[in-house]
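Beneath this line is the structure, given in structure tokens, with notes to follow.
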Amino acid sequence: MTRLLVITNSRAGGARDDAVATALGVLRAGGDVEPAELDPDALPGVLARHPEHRPVVLGGDGSVHLLVATAHRLGLLDRPPFRFGLIPLGTGNDLARALGLPLDPARAAAVALSDTEREVDVLVDDAGGVVVNAVHLGVGAEAGRRAVPLKPRLGRLAYPVGSAVAGASARGWRLRVSVDGAVVAGGERRALLVALGNGVTIGGGAPVTPSAQVDDGRMDVVVSFSTGWRARLAFAAALVRGRHPERHDVVEARGHRVVVAGGPVPLNADGELSELTGARTWTVLRHALRVTVPGPSGT
């Protein structure tokens, strides 16, 4: 039987408990399950003790981020691709959407038991961080900060509400952005948003980097200069449809190495909120991961 290290977050609670129980039932019926808690302090030791078990995360982008960040610190991304499965039980599940994973816990668990895998890139930065789905700076990260206290009541609606509040007052940030050495934003104009996408969507489905692919060895970069209030509204409407790169005040690029300098500016990496002051460099680590995905039959 497939040996699985099933990683759950017991502190999540609520209606999520039923989904966890459903997924665990499927996994235990088809695999040899070793349970583990999503604890940043304990996780390095858990991974070290069970090298032959394939991790399966029951959670969202933040849970995947913690797993991959831990693997990165342990040097597991420097070896053959780090393999894991994902049962999407988060708020946005943007990585799961990029991979075509089912959002139903039983179907996702069946996929996690399969042998069909997709290679996935990772973005690593010079501060020791990793990004699996997307990192964005500016109004989107500010929206994420404002959405945090709304999630318990609003769920997936928390991010659109946070976006509306953040977008109403955003004046933009002076940021310098270069992609493979070519300057795409010099810092003279205020930027509303800078997004570096490995995946396509953020916030539960907003296609911020609509042309991104998780396995092409490059990150997609979008810089928006839509800082006037009319421009902000028009940008938001275009973003919902993934049409914002067509705007005259939006720049799109693609590359292997991206440097963003400036700040202080809010930063969101796979849902993890922080702030950038100074400069940071992101580089693509190609095919560092292998994630179980649906096969031709959908499982």
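FYI, it's all coordinate maths here, none of it is from the lab. Predicted, not measured: the structure shown is a model, and the values here were computed from it. Because the Cβ atoms are built from the backbone with ideal geometry, glycine has one as well, and the counts that use them run over all protein chains shown.
Alpha carbon centre of the range 176-211 versus the range 217-280: separation in Å?
Each part's Cα centre sits 3 Å from the other's.
In bins 10 Å wide, starting from 0, what share of all Cα pairs of the chain does each bin hold, as a percent?
Going from the shortest bin to the longest, the percentages are 6, 29, 35, 21, 8, 1.
Using helices alone, what [θ] at 222 nm do you get for the chain, with -39,500 (n - 2.57) per DSSP H run of 4 or more residues, divided over all residues and rounded to the nearest 500?
Details: 9 runs with 86 residues, N = 299.
Result for the chain: -8500 deg cm²/dmol, rounded to the nearest 500.
Asp216: net charge of surrounding residues, Cβ under 13 Å, Lys/Arg +1, Asp/Glu -1, itself excluded?
Within the 13 Å Cβ shell, the charges total 0.
Please give the Cα centre distance for the range 1-56 versus the range 92-150, rounded to the nearest Å.
Their Cα centres are 18 Å away from one another.
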